[in-house]
Each structure stands twice: as structure tokens, then as C-alpha cells.
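All of the numbers you see were taken from the coordinates with simple rules; none came from a lab. All figures in this text were calculated on a predicted structure; none of them were measured in a lab. In this analysis, Cβ positions are derived from the backbone assuming ideal geometry, glycine residues included, and neighbour counts consider all displayed protein chains.
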Amino acid sequence: MLLAVRAARLGKRSAAVGWTLATAGAGIIFVVLHVREWMGLVGEGMTLWRNPWGDPIFGAGFYCVTGLHLLHVTGGILVLIGVTLAYKKGRYTADHIETAGLYWHFVDLVWMYVVPVIYLMNLSH
């Protein structure tokens, strides 16, 4: 995303489009892998109301926190694609690419808190 913003600021429309779509593609991969993780956990018996490895409330917290993040990632992917298509047609400027990038980086930053709190602090379970 940083490369997309840089390219847009330098007037390299094609590169900005490519990097923004690459970022959206990476987001799609994240969504697919995360949904796959959820399916595996449900298959092992962890649901909103049940946790075979410990406190049942963990399942609810896990799915709510990671689900909210997943919702924001999905929204970010849609925004990146929409802004990119409008930018490619000349309707949007580099400022729009940067604004979409700021949202994307906010979602990244949230994940930096989710991983330690949800995943790393629960490794023993």
C-alpha cells in the first residue's frame, strides 16, 4: 500500500493501480486463510458457546474480535478495489489512494493488537 501511495504521488498511475490491487489481493488471501482457520476451529469443537480447551467465553471473544477485524478487512478490500477503479479512470486523485491506504493501515494496526492478545497470550491452550 505504501508503494501504491508513493506511485500515485509521483503520477505513476499504472504502478499505483497495480500496487493497490496487489494489496487488495493480499487482503483476499488473508480473508480466505482466516475463514479456513475458523472452519478448522469449529471442526475441533470451538464455537461461540463452547471451547474444548478451556473457558467457553474465549470462543465468543475470539470469534467476535477476529470477526470484527475480518469485517473491516473485507470492507477495506472493497474500498481499495472501488477507489482503484475510479482512480484508474481518472475520477479520483492520489489523495483518494492515500485515504484508502490510511484506512488499510488502521486495519493493519488493529491486527497488531489482536495477534498478541488473542493468539500469543493463549498459546498454552
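Values computed for the structure shown
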| item | result |
| --- | --- |
| Calculated from backbone phi, Karplus (6.51, -1.76, 1.60) coupling profile of the stretch 83-89 in Hz, x at Gly/Pro | 5, 4, 5, 5, 5, 4, 7 |
| Diffusion coefficient, µm² s⁻¹, Stokes-Einstein with Kirkwood Rh over alpha-carbon pairs of the stretch 2-122 at 10 °C and 1.306 mPa s | 101 µm²/s |
| Value in Å of the Kirkwood radius, where the stretch 1-45 supplies the Cα pairs that are averaged | 11.9 Å |
| Inter-label distance, nm, simple model (7 Å from Cα along the C-beta direction), Ile57/Trp38 | 2.3 nm |
| In order through the stretch 96-112: 3J(HN,Hα) via Karplus (6.51 cos²θ - 1.76 cosθ + 1.60), integer Hz, x for Gly, Pro | 5, 4, 5, 5, 4, x, 4, 4, 4, 5, 4, 4, 4, 4, 4, 4, 5 |
| Chain lengthening between Leu48 and Trp111 when straightened (0.36 nm per residue, less Cα-Cα) | 20.6 nm |
